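Worksheet: the structure to be examined is printed underneath.
Any read-out appearing in this document is the output of simple, stated calculations on the displayed coordinates, not a laboratory observation. For clarity, every value in this text was computed on a predicted model and none was experimentally measured. Cβ placement follows ideal geometry from the backbone for every residue including glycine, while neighbour counts extend to all protein chains displayed.
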Amino acid sequence: FYGAMPGGLKSDRWQTGFSQVYPGEDVPGPCWPIFGNHDYHDNRGGELVQLGYSKSLNRRTRWTFPAKFYRIDLPQVTLLMLDTNWESINWRAHGDKRPCWMQADEQEAQILWLEKELSSKRAPFTVVCGHPPISSDANHGDTPELVGIIGPMLEKHGVHAYFCGHDHDLQHMELQGLRTSFVLSGGGGARLYESDERPRDGSKVFDIHGFTHVSISGDGMTIRHIDPNGKIVHAFTKNTRHEWKVLA
């Protein structure tokens, strides 16, 4: 959520910023969020409100947020949901050092947890989700802390894709020597960011608003970037053996 949430658990923004934007008839399943920098920055303690809303017993909600980092097991894919709003990242990127960001002890616990989960039995596909990009050819660029810590873990354990946001555009990156696909979907409606004039080989960047659709069938995971008019601007498919090809 951008901005404050007056009223906390009873804020009107649960309706205007979630339920009405993603109505149940269009998005009937559970919503599995992760924290972004605005969830911490714009509303001190807002991350605790979002966790609390998911656990409230007096309401029915698709908002399913069990912890700051957590695992989802589906028949074809294991999702590992991270909180990558580390103090070191936000201090370096924005000069913003405050006690609200994920602290070093939580960060260390999360890294140990991720290694444990990646070392365990998983579904045929594995996707890791975080807010800042590991690699990006737009405004924020690569995140050194994630390149140095999370990136090698993904490669070691054969993670198929890392999904993120933060940069306001749509991206797909296949970097030389790495098996993990980097998928960025940050075109939700805020001001767009300009991409690098010379993106890296294997990088597709679209300076547009839009969203990303993912489907898995058999041995194939298909990822589509879609513009506000419903047009597919980019699509690719990937199998469990990390073989991929562009479809559109």
Item checked: Integer Hz, Karplus 6.51/-1.76/1.60 couplings in order for the range 211-216, x for Gly and Pro -> 9, 10, 10, 10, 9, 10
Item checked: Rounded to 10°, Cα long-axis angle of helix 104-118 versus longest principal axis of the chain -> 50
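In Å, what Kirkwood hydrodynamic radius results for the range 184-248 from the alpha-carbon pair distances?
13.0
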Checklist line | Degrees separating the helix 46-55 axis from the principal Cα axis of the chain, which is the longest one | finding: 90
Notebook entry, point to check: Which value in nm describes the separation of the simple spin-label points at LYS156 and ASN139, placed 7 Å from the Cα toward the beta carbon?
Noted result: 3.4
Next item on the list: Count the net charge of all other residues whose Cβ sits under 13 Å from the Cβ of ILE208, scoring Lys and Arg as +1 and Asp and Glu as -1.
Entry: -2
Item checked: Net charge, ILE149 excluded, C-beta distance under 13 Å - Lys, Arg +1, Asp, Glu -1 -> -4
Note to self: At 7 Å along Cα-to-Cβ for each site, give me the label-to-label distance between LYS55 and LYS10 in nm.
What the structure shows: 2.1
Notebook entry, point to check: Let a ≥ b ≥ c be the square roots of the eigenvalues of the Cα gyration tensor of the range 67-209; is it rounded (a/c under 1.5), or, if not, prolate (a/b larger than b/c) or oblate?
Noted result: oblate
Notebook entry, point to check: Across 5 Å bins from the origin, how do the percents of Cα pairs in the range 125-248 run, short distances first?
Noted result: 2, 12, 23, 25, 21, 12, 4, 1
Check: If the convex hull of the alpha-carbon atoms of the chain is projected onto planes in all directions, what is the mean projected area in square nanometres?
Finding: 13.6
Notebook entry, point to check: Roughly how many nanometres apart are two label points built 7 Å out from the Cα toward the Cβ at ILE111 and GLU243?
Noted result: 3.6
